Amino acid sequence: MNREESRPVQFTKMSGAGNDFVVVDNRTGQVADPPDFARRICHRRFGVGADGLLLLERSERADFAMRYYNADGSYGGMCGNGGRCISRFAFETNAVSSREMKFEALDFMYRAKMLDGGVRLWMKDPSDFRLHRSIDLARSTVNFHFVNTGSPHCILFMDENRHLGTALDGIDVDSLGREIRNHRIFAPEGTNVTFLEKKAESLFVARTYERGVEEETLACGTGAVASAVVARSVKGAAAPVKIRVKSGEELIVGFVVNDRGDFREITLEGSAHISFRGTVHYNSATHSIADIS
């Protein structure tokens, strides 16, 4: 690639409870083709490797705006762990001056607060609850619950699907998750899929298949929130609910339920740290990257 035709883009690699991201300060518009850049930079063999791309951009209403793209280049909507990571990034790079901040994503205003060792994020109220449903798959019928927590999520409790096996670690998350993710009842957008196992009254273990990444990830923030509010609705779990994700870390979900049964003041808390920083030379004309350092 002709270095003169490429543009150096500084990036930061971050992890939120195992969900990994490439983060770029894009207030100058240096990433003009985010879908293509996301596909290149997130590739785990030919790029930096990540579940998704986070762009910090200018906002007239908040401290900054967040745009999230999945590893396949699709627009990802809201990402809970991504929201926590970009908030840490904004604080560490002095894009914001306070430990508390506001940012916008998908025309919604989010609040974040830096904690010792983590970040707390105030999430959008959940919507579109569809509890106690079932769908027919190629080889079986599965029971599920659905909710939108900024992204759509299908939740399957292991004790409600014993025919799939008794152990969560024995589930083929990629195969089964992909089939459910692409089921016609979730068309055309599809859904994320989380398999959930209860360990204690307010402790659940989760494994999530994420659309856009199109495989199991080590953590999913909006999936943790979906798991917690469904666990409250179906299993009576009390807040705060801890969700132990594939990475082994725990995400803490807080909420308040009002007299009408509506969820309010949803918070997502967990780790968000910087793995490393670097520079990549990106050529938007040839859709290629080189010289990652």
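Observations, loosely collected:
- Test for residue 273: is it open to solvent by 10 Å² or more (accessible area, probe 1.4 Å), closer than 25 Å to residue 211 by Cα and out of contact with any Leu (no Cβ under 9 Å at 6 or more places or on another chain): yes
- Of the residues 119, 193, the single one that is touching a helix residue (DSSP H, G or I) at 6+ places or on another chain (Cβ under 6 Å), in contact (Cβ under 8 Å) with a residue 60 or more places away in the chain and surrounded by 15 or more Cβ atoms within 10 Å (Cβ to Cβ) is 119.
- Residues of the range 32-67 satisfying the condition of being more than 21 Å from residue 100 (Cα to Cα) and not in a loop (DSSP other than H, G, I, E, B): 34, 35, 36, 37, 38, 39, 40, 41, 52, 53
- Counting only strands (runs of 3 or more DSSP E) that sit completely within the range 85-143, those holding 1 or more residues that are modelled with pLDDT of 95 or more and among the hydroxyl-bearing types (Ser, Thr, Tyr) correspond to 108-115, 127-136.
- Of note, residue 72 does not satisfy the criterion of being at pLDDT 95 or above, within 24 Å of residue 243 (Cα to Cα) and acidic (Asp, Glu).
- Qualifying position, being more than 25 Å from residue 132 (Cβ to Cβ), modelled with pLDDT of 95 or more and buried (at least 19 other Cβ atoms within 10 Å of the Cβ), among 228, 219, 206: 219
- Of residues in the range 284-293 being of a type in the set (S, T, N, Q) and closer than 23 Å to residue 14 by Cα, the one surrounded by the fewest Cβ atoms within 10 Å (Cβ to Cβ): 293
- Residues in the range 252-270 that are open to solvent by 60 Å² or more (accessible area, probe 1.4 Å) and touching a residue at least 24 places away in the same chain (Cβ under 8 Å): 2 in all.
The values are calculated or read from the model by the stated rules, or taken from the named source; none is laboratory data. As the structure is a computational prediction, the values presented were derived from the model and not from experiment. Cβ: placed from backbone, ideal geometry, glycine included. Neighbour counts: every protein chain shown. In case anyone asks, the SASA skips ligands and DNA or RNA and just uses the protein heavy atoms, side chains included. Shrake-Rupley method; radii C 1.70, N 1.55, O 1.52, S 1.80 Å.
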